[in-house]
Amino acid sequence: MNNKTLLVAQREFVENLRTKAFWIGILLFPVIITVMMVVPALLERNKSTRTYAVVDRSDWLLEAVEERAAMPDLEKVFKTAMETVRSGEGAEELPESLRETAEQLIRGVDLVSDQQTEVPPDELEEKVVTGFASTIAGFAGTEGAAIREMLPPEATKPLEDLRESIREWWLALPAEEAEQFGSGLVKSRYQRVDVEGTSEAVVDELSRRVDEGELFAVFVVGEDPVASNEGFRYLSANLTDDDLRNWFSRLASSVVRERRLQEKEIDSATAAWIQEPTRFDVARIAEGGETKEVEAQDLVRQWAPVAFVYLLWISVFTIAQMLLTNTVEEKSNRLMEVLLSSVSPLQLMIGKILGIAATGMTMLISWMIFFYLATKFLPRLFDVNIGFDLSVIAADPVYIGSFLLYFLLGYLLYASLLVGIGSVCNSLKEAQNLMSPIMIVLFVPLVTMMPVGKDPNGLLAQVLSYIPLFTPFVMMNRAAGPPTTFEYVVTTILLVAAVAAAMWAAAKVFRVGVLMTGKPPKPLEILRWIKAPVGVVPNRGEAE
């Protein structure tokens, strides 16, 4: 490559590195990633406690719902306490009854592990903790009997002795203090206020308190939940936040369902069997027909290319537009004429494209490093449990390699189009008018992103893959499919050919338009420039 072209590229790269916009672009990305990953979880966690009241005309449903609601909370609290006791750090700060319970649960798990070696330790601990949590909560379902069936007497007796003390501690624990013993506790999110009476006058008074903001919602439970839903009401001034209603309704439904089964004299084992849902174990057919189990990480990996497409689209659009803006500004302030006194139009154009490409690659590599670090450490730092390790996807060589390749080719394609537009415009306003067709084309990959993601090897995805203007985005979106090797090869060849053709056409336009002043040319006139032989400058009057 000509030394002058490299000098132009080096100048563009260094000049962009010196701008505030470049560093703001690099530093703003980790801020955006942090905000997107952490802020929603923190806002949800720190959402004000929903205070509600229940008018229970059945005299039994509310108590049963509260027992069932306490069980998952106690499971989390016990698990947190067990981890604290095992680590030895902060165990002395736990309430005495909770610390003793955690110690006995650990001992009970160890005793059962010695007797039931065929049960995995994690599953065993889950059952023991669930059984004891249900016993303390007062829930008399099948889970409540699990601890008595599994634990030997030497482990059961100490836990039963602790039952009342830990229960009294839990009931007396203020909602605002519960969060320190486990994240996402229902006790911290929803707080019930006591209600005296069940008359309509009481409901009217509670409705007034909802209207004045003292209560978030009121539940009215009918007289016979087992028979029908008659008399059930939910009263709230905020109908968009339905978390509280869904939570209470789900628990009430499970209680009523179990009561209906009991009235039909169906034993607990049969009831559990009747309510057992039909589940399909999801498996993926890998290359060669091999069947592989699907985990949460695999499902996320399937949709990960969508996130990469968004980033690819933003990167190509932002960095290609940077080239357009740079070209228009240098032309409008006559700097272009000074540069052309030392280099040819072709050398200047290619140098500018390569310089901005180097700038873009620098930004992207910085963004990828930030993205990997964010997915690796932010969930731990802010105690946000998402159930899988996103950093594995962020460091996937297939995704990263495809992303960098398609960014480079996509940038070169759209940069060639935009540098040609920039060379014939004297202001950004003129450039924006000529950019409209390209913007319409760029929105197609966004509109088709979800359909392609759902069916990465479907007809729509395959057709769009062979259109060079869409190839970088669609093929990136299909990475989880994945496409066949033949498609990768053919679409890449077509894309490279389109880049070469676009750069050739842009060079023909650039050599004429870069020194042109006055009214921007019409599309037909630009077409005449492209058709004109090298060295011939068409007369603008010929296009009129």
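What is the Å³ per residue value for the convex hull set by the Cα atoms of segment 405-489?
90 Å³
Multiply the residue gap between ASP161 and VAL31 by 0.36 nm, knock off their C-alpha separation, and tell me the result in nm, one decimal place.
Difference between extended and current length: 41.7 nm.
When the Cα centres of segment 332-371 and segment 409-435 are compared, how far apart do they sit, in Å?
Between the Cα centres of segment 332-371 and segment 409-435 lies a distance of 14 Å.
Would you mind getting me the FRET efficiency between ARG334 and ALA307? Use the beta-carbon distance for r and R0 = 56 Å, nearest 0.05.
Calculated value: 0.85.
For ARG279 and ALA497, FRET efficiency with R0 = 56 Å and r from the beta-carbon atoms, rounded to 0.05?
It comes out at approximately 0.70.
Could you order LYS522, LYS376 so the one with the most accessible surface comes first? Probe is 1.4 Å.
LYS522, LYS376
What are the residues whose amide H is under 5 Å from the amide H of ARG192, where those residues sit 5 or more places off or on another chain and H is modelled from the backbone?
Long-range HN contacts for ARG192: TYR52.
Between LYS531 and VAL463, what length in nm is gained on full extension when 0.36 nm per residue of separation is reduced by their alpha carbon distance?
21.5 nm
Sorting TYR414, TYR488 by accessible area (1.4 Å probe), largest first, what list results?
TYR488, TYR414
Mind listing the phi-derived Karplus ³J(HN,Hα) values for segment 235-251, rounded to whole Hz, using 6.51, -1.76 and 1.60 with θ = phi - 60°, and x for any glycine or proline?
Going residue by residue, I get 10, 7, 8, 10, 9, 7, 8, 9, 4, 4, 4, 5, 5, 5, 5, 5, 5 Hz, with x marking Gly and Pro.
Which FRET efficiency, nearest 0.05, do GLU66 and ARG18 yield, Cβ-Cβ r, R0 60 Å?
Plugging the Cβ-Cβ distance into 1/(1 + (r/R0)^6) gives 0.40.
Give, as a single signed number, the net charge of other residues whose beta carbon lies under 12 Å from the beta carbon of LYS79, with Lys and Arg counted +1 and Asp and Glu -1.
Result for the neighbourhood of LYS79: -4.
Quick one: length gained pulling ILE106 to LEU515 fully straight, 0.36 nm per residue minus the C-alpha distance?
Here the answer is 139.2 nm.
The values are calculated or read from the model by the stated rules, or taken from the named source; none is laboratory data. Being a predicted model, the structure only gives us computed values, none of them experimental. In this analysis, Cβ positions are derived from the backbone assuming ideal geometry, glycine residues included, and neighbour counts consider all displayed protein chains. Just the protein is used for accessible areas: all its heavy atoms, side chains included, with ligands, DNA and RNA removed. Shrake-Rupley method; radii C 1.70, N 1.55, O 1.52, S 1.80 Å.
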